[in-house]
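The values are calculated or read from the model by the stated rules, or taken from the named source; none is laboratory data. The structure displayed is predicted, hence computed values, not measured ones. Because the Cβ atoms are built from the backbone with ideal geometry, glycine has one as well, and the counts that use them run over all protein chains shown. Surface areas here come from the heavy atoms of the whole protein model, side chains and all, with no ligands, DNA or RNA. Shrake-Rupley method; radii C 1.70, N 1.55, O 1.52, S 1.80 Å.
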Amino acid sequence: MASAAEQLASNLNFSTFAKAEDLKKRLWFTLAALLVYRLGTHIPLPGLNPEAYAQAFRGQAGGILGLFNMFSGGAVQRMAIFALGIMPYISASIIVQLMTSVVPALENLKKEGEQGRKIINQYTRYGTVILGALQAYGIAAGLESGQGLVVDPGWFFRVSTVLTLLGGTMFLMWLGEQITSRGIGNGISLIIFAGIAAGLPTALAGTLELGRTGALSTFLILLVIMVAIGVIGVIVFVERAQRRLLIQYPKRQVGNRMFQGDTSHLPLKLNTSGVIPAIFASSLLLLPATLAGFANTTAMPSWATSIVAALGHGQPLYMVLYAALIAFFAFFYTAIVFNPKDTADNLKKHGGFIPGIRPGERTAEYIDYVLTRITVIGAIYLVFVCILPEILVSQTGIPLSLGGTSLLIVVSVTLDTVAQIQGHLIAQQYEGLIKKSKLRGGKRGR
């Protein structure tokens, strides 16, 4: 039998959306914020020679700069004020979350609830400033080392570049937080989504142009499109898949009447970590590769040059590390967002239990056992979805926006945002039903 929420979801229509004033305000705010972000990716960094930089970027577009450009929504290609994107914030989040697992003081903060979360978020912002400043200075120094890229090299250009790029990153971090609190969906994920989605039409047009000029065969283009469609189908199927644990509640006696115990389900998503492992893995691989890419390679030792070359996008070592990091973060982030012990304690507090499993510690062990098994499947799915298209992209020269990571982010963020919109509509319909029942009750009273 369908639950009340499922029945309400099936009854949603356009009139429900038209009456949801709060939802419409949130949607307009989200669209306006993303429009501001897209405008910022077209404001160029002052002091650059645009023609010389465009020529230099074309020579590196297929490598790590192309990948960084994809996540920044094309801002790196134009060296705009948002060229750093949101990646320093994501890198800082990874570091802080890892530290919460090994540093007792941070672990205690995590357990303090909302107040502790605010302090951890503040540490993340400090980390964003440090990482962003380092990356911005590396970009400034790398631009100065290029032939004719900077109109007037010197400390003034470096300081202004660091302040501009760091300010852009901090503004995007604030904008993402505003979208999360006042808009629809996760703000950081939506900013990355907007950047990738903006590049998809250009990527598709570039792929068709490669076919027109004969650089790619028609069969290969059709194969890539079929793989992309298949990957999208797999993403939609797995992201909606759940393992439901039956929860039984005991019988209740009210007066002389005995009421049958209720039953419900504890839904465990097959991919609890969502799109985070792919973003975290890409961010960690981008950080050292970007800094190395802006360093003077002639002054680097031979072993460092070899490592940098092996970490290039599409190289075997890059693929292996990428797959390993995705699998690691799939388990790590699942452990952060879902605590089996807390879930078991909440069930015990409300009288719920899993049939055949003793409440308390045994229930926590059982939930952890089931969660670990489905996370293995989720990690394999993430590695497959991200690596298979990346291999095709690296071997064929197709634009990076059609890679597995970008498709995963676009589809997953779309599904999450649609789910949140549905949640708001269901809440709106619940409020409407409650108002109607109160009006009917008032009429009967009269």
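Looking across region 187-245 at every residue that is among the basic types (Lys, Arg) and touching a residue at least 24 places away in the same chain (Cβ under 8 Å), the one that is farthest from residue 270 (Cα to Cα) is identified as 244. Answer yes or no: is there a residue in region 370-388 that is at pLDDT below 85 and either open to solvent by 40 Å² or more (accessible area, probe 1.4 Å) or touching a strand residue (DSSP E or B) at 6+ places or on another chain (Cβ under 7 Å) (or both). Yes: one or more hits.
Confirm whether residue 266 is part of a strand (DSSP E or B), under 26 Å from residue 411 (Cβ atoms) and modelled with pLDDT under 85.
Values: part of a strand (DSSP E or B): yes; under 26 Å from residue 411 (Cβ atoms): yes; modelled with pLDDT under 85: yes.
Criteria met by residue 266.
When residues of region 139-173 are filtered for being of a type in the set (Gly, Ala, Ser), in contact (Cβ under 8 Å) with a residue 40 or more places away in the chain and open to solvent by 20 Å² or more (accessible area, probe 1.4 Å), how many remain?
6
Just wondering, is there one or more residues in region 326-344 that are of a type outside the set (A, V, I, L, M), within 23 Å of residue 413 (Cα to Cα), part of a loop (DSSP other than H, G, I, E, B) and modelled with pLDDT of 75 or more? Checked region 326-344: at least one residue is of a type outside the set (A, V, I, L, M), within 23 Å of residue 413 (Cα to Cα), part of a loop (DSSP other than H, G, I, E, B) and modelled with pLDDT of 75 or more.
Each row is one residue, and each column tells you yes or no for (1) surrounded by fewer than 13 Cβ atoms within 10 Å (Cβ to Cβ); (2) at pLDDT below 85.
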| site | (1), (2) |
| --- | --- |
| 7 | yes, yes |
| 15 | yes, yes |
| 23 | no, yes |
| 26 | no, no |
| 51 | yes, yes |
| 58 | yes, yes |
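With respect to residue 141, is the statement that it is touching a helix residue (DSSP H, G or I) at 6+ places or on another chain (Cβ under 7 Å), of a type in the set (A, V, I, L, M) and farther than 30 Å from residue 32 by Cβ true? Considered against the rule, which asks whether it is touching a helix residue (DSSP H, G or I) at 6+ places or on another chain (Cβ under 7 Å), of a type in the set (A, V, I, L, M) and farther than 30 Å from residue 32 by Cβ, residue 141 comes out as yes.
Report yes if residue 257 is modelled with pLDDT of 80 or more, loosely packed, with under 13 Cβ neighbours inside 10 Å and out of contact with any Gly (no Cβ under 9 Å at 6 or more places or on another chain), otherwise no. Give the derivation first.
Numbers: modelled with pLDDT of 80 or more: no; loosely packed, with under 13 Cβ neighbours inside 10 Å: yes; out of contact with any Gly (no Cβ under 9 Å at 6 or more places or on another chain): yes.
Against the criterion (modelled with pLDDT of 80 or more, loosely packed, with under 13 Cβ neighbours inside 10 Å and out of contact with any Gly (no Cβ under 9 Å at 6 or more places or on another chain)), residue 257 does not qualify.
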